Amino acid sequence: MNKISPCLWFNHNAQEAAEFYAATFPDSSVDAINLAPGDNPSGKEGAALTVEFTVLGMKFLGLNGGDMFKFDEAVSFLILTDNQEETDRYWNAIVDGGGQESMCGWCKDKFGLSWQITPRALLDATTSPDRAAAKRAMDAMMKMRKIDIAAIDRAFAGEVVA
C-alpha cells in the first residue's frame, strides 16, 4: 500500500468493484483480498473484509463495510481521456455496466461511485485564454451527457452547435 491511499466503503461488493475497474481501465488490477480474522460489525470471520486494488496506476483499498454509508457526488474520479474513442470506451463501460448517465461528462457506476470522463480537449477549451471561446465550449458542454469532442471543438471555433 502507498503511505496514503483512498479507502472506499462498499456494500459487501468491493471485490466485484475492483474486478470491474481492473477490466475497464488499463494499468489496473486486483492486488489482494484480505479476509476478516474474526467476526466484525460488517461480516463474519473469513469473509472478504478489504480488497486492495489499482486503477490507472493508483492504489485503493475497498472496505466491505455494509450498507451504512453510500457514495455521493461529493467525491468523484476524473478520468482524462485523449480522444473520443477513449472517452466512449470508458463512458460506455461504466454506464452500460449497470451505471447511469449524468450531465457534463459525469456518470455513476453500478456501485454508486461518480466518474467524470473528461477529454483533455474539453479542459484545453474551457481553460483557454480566449475567454469568449472558452465560454462557448463551456456552454456546449453544459448541454451534454457524454462529452462530444467534435462538438466542443466546433463551439470553441464559434460554429453553431446543435
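Values quoted throughout were computed directly from the atomic coordinates according to the rules given, and no laboratory measurement underlies them. As the structure is a computational prediction, the values presented were derived from the model and not from experiment. Virtual Cβ from ideal backbone geometry, glycine too; neighbours counted across all protein chains shown.
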Legend entry - Contact order relative to length of the chain, as percent, for alpha carbon pairs under 8 angstrom and 6 or more apart: 17 percent
Inset, instruction - Give the peptides 90-97, 75-82 in descending order of average Cβ contacts within 10 Å, highest first. - result: 90-97, 75-82
Legend entry - Whether segment 27-76 is rounded, prolate or oblate, judged on the alpha carbon gyration tensor where a/c under 1.5 counts as rounded: oblate
Legend entry - Listed pairs Lys59/Lys108; Lys110/Lys135; Lys3/Lys146; Lys70/Lys146; Lys44/Lys108; Lys44/Lys70 exceeding 26 Å between Cα atoms: Lys110/Lys135; Lys3/Lys146; Lys44/Lys108
Legend entry - Those trypsin sites (Lys or Arg not before Pro) in segment 1-97 that DSSP places in a loop and that have at most 11 other beta carbons within 10 Å: Lys3, Lys44, Lys70
Legend entry - Along the chain, longest interval not containing exposed GluC sites (Glu not before Pro), exposed being DSSP loop plus at most 16 other Cβ atoms within 10 Å: 74-158
